[in-house]
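For reference, the structure is listed below as structure tokens.
The values are calculated or read from the model by the stated rules, or taken from the named source; none is laboratory data. Bear in mind that the values here come from a model prediction, so they are computed numbers and not experimental data. Backbone-built Cβ (ideal geometry, glycine too); neighbour counts: all protein chains shown. In case anyone asks, the SASA skips ligands and DNA or RNA and just uses the protein heavy atoms, side chains included. Shrake-Rupley method; radii C 1.70, N 1.55, O 1.52, S 1.80 Å.
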Amino acid sequence: MELSELENIAQEIEAYSIESTETLEAFRIKYIGSKGLIKGLFKEIKNVAPEERKAFGQKLNALKNLAEDRHKTQQNSFSTDNKKATKSTEDWTRPAEEANLGSRHPVSLVMNQMVEIFRTIGFGISEGPEIEDDWHNFTALNIPKDHPARDMQDTFFLSKDPDTVLRTHTSSVQVRVMEKEDPPIRTISPGRVYRNETISARAHCIFHQVEGLYIDKSVSFADLKQTLYYFATQMFGEKTKIRFRPSYFPFTEPSAEMDISCFFCEGAGCNICKKTGWVEIGGCGMVDPAVLSNCNIDPEKYTGFAFGMGVERIAMLKYQINDIRLFFENDIRFIQQFKSVR
Ligand code: PHE
């Protein structure tokens with residue numbers, strides 16, 4: 001018996017094709033079984049020349065391990081195949097699980113709806129920075145430094161620089177638009193605003209606004225009323241009435257507060273309208289000529305109206321939410337209630 005013969009057998013074992021449990025068994029009998037080739041070879045050791053015996057023994061052991069390993073791996077692979085085929089735990093008749101779709105935040109829902117309503121009557125959208133300078137947030141809007149009107153809007157100042165603020169309204173965006181564009185201007189500016197207010201069920205230091213601006217030749221208060229009336233009926237229903245109460249804003253003259261008839265009790269008086277039949281939804285007015293001049297628009301030639309509404313307030317009315325803080329806590333149980341709304 002030659003060492004090279006063992007080499008041949010090793011190659012044979014590696015090349016042996018085992019495709020089924022039957023061929024696996026044939027392999028076992030041929031090489032590893034008690035009457036197999038390897039057992040026989042062990043008996044041959046005594047016939048090997050003494051000086052080769054050690055090497056022969058080592059080679060033979062390696063051969064035995066090779067055959068056993070091959071058998072074992074093949075056996076394992078057959079048995080896991082079997083398990084896969086016969087012991088499946090899947091129930092293929094089970095109905096598919098519903099895909100868990102996210103929901104839009106109620107603030108986004110209402111903001112999108114507001115934007116859409118104004119878009120259908122020709123308003124474009126403009127956006128601007130949330131960190132503003134004094135000019136765009138105040139001075140250009142006819143609110144000079146140290147003027148008491150600044151107290152109306154509790155401002156967050158950034159660092160010690162009194163010129164840099166978190167915008168308190170998106171009117172700042174409208175200043176930017178007026179500075180850049182020539183009339184006619186018809187735009188709305190939706191966005192987040194900040195006010196240093198004590199947080200309560202009715203007020204938050206962060207909220208969202210949609211403000212509107214229309215500047216052209218001979219724009220009148222009647223245009224303002226008609227635009228906001230259209231908005232109110234689209235947002236709250238055909239039967240909605242509107243009411244204007246005189247008010248004051250430094251950047252509009254005349255100025256008004258706009259109420260809508262309570263769409264919930266239709267004017268009869270309920271908790272939502274505090275028994276008055278009316279709910280306030282925003283401020284508005286004719287753009288003050290001083291603001292137009294500040295933005296390089298000739299007030300002799302052009303007039304305009306502006307309005308501003310709080311998105312959370314409208315969402316609270318529409319969905320009867322009684323605490324503004326719910327919008328910012330992002331409790332999944334609150335947010336998921338808006339799943340079906342598009
Ligand atoms: N900018 C005002 C506010 O934030 C709202 C407003 C806009 C009022 C336009 C009148 C005209 O309170």
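Brief remarks follow.
- Listed residues PHE42, ALA55, GLN75: farthest to the positive end of the dipole of the stretch 1-142 (Cβ charges): PHE42
- Of HIS147, HIS136, the order by accessible heavy-atom surface (1.4 Å probe, DNA, RNA and ligands excluded), from most exposed downward, is HIS147, HIS136.
- Solvent-accessible surface (1.4 Å probe) assigned to THR139 amounts to roughly 40 Å².
- When DSSP beta bridges are restricted to pairs lying wholly in the chain, around 95% turn out antiparallel.
- Listed values for the stretch 116-129 are Karplus-derived 3J(HN,Hα) couplings in whole Hz (6.51 cos²θ - 1.76 cosθ + 1.60, θ = phi - 60°), namely 4, 4, 6, 5, 5, 9, x, 8, x, 10, 10, 10, x, x, and x replaces Gly and Pro.
- The stretch 53-65 - phi-based ³J(HN,Hα) in whole Hz, Karplus 6.51/-1.76/1.60, Gly and Pro as x: 4, 4, 4, 4, x, 5, 4, 5, 4, 4, 4, 4, 4
- Backbone phi angles across the stretch 18-34, fed through the Karplus curve with coefficients 6.51, -1.76 and 1.60 (θ = phi - 60°), yield HN-Hα couplings of 10, 10, 8, 5, 5, 5, 5, 5, 4, 4, 4, 4, 5, 9, 9, x, 5 Hz in residue order; Gly and Pro are listed as x.
- When the residues CYS265, CYS295 are ordered by accessible surface, computed with a 1.4 Å probe over the protein chains alone, the sequence from largest down reads CYS265, CYS295.
- Computed over protein heavy atoms with a 1.4 Å probe, the carbon and sulfur contribution to the accessible area of the chain reaches 50%.
- Debye log10 I(q)/I(0) at q = 0.07, 0.10, 0.14 Å⁻¹ for the chain, Cα point scatterers: -0.48, -0.69, -1.12
- Most positive-pole-ward Cα, PHE307, TYR319, THR198, against dipole of the stretch 106-338 from beta carbon charges: TYR319
- Counting heavy atoms of the protein chains alone, SER34 has an accessible area of about 90 Å² for a 1.4 Å probe.
- Distances between placed amide hydrogens fall under 5 Å for GLY277 paired with GLY269, CYS270, all partners being 5 or more residues away or on another chain.
- Cysteines having no other Cys beta carbon under 4.7 Å from their own, within the chain: CYS205, CYS284, CYS295
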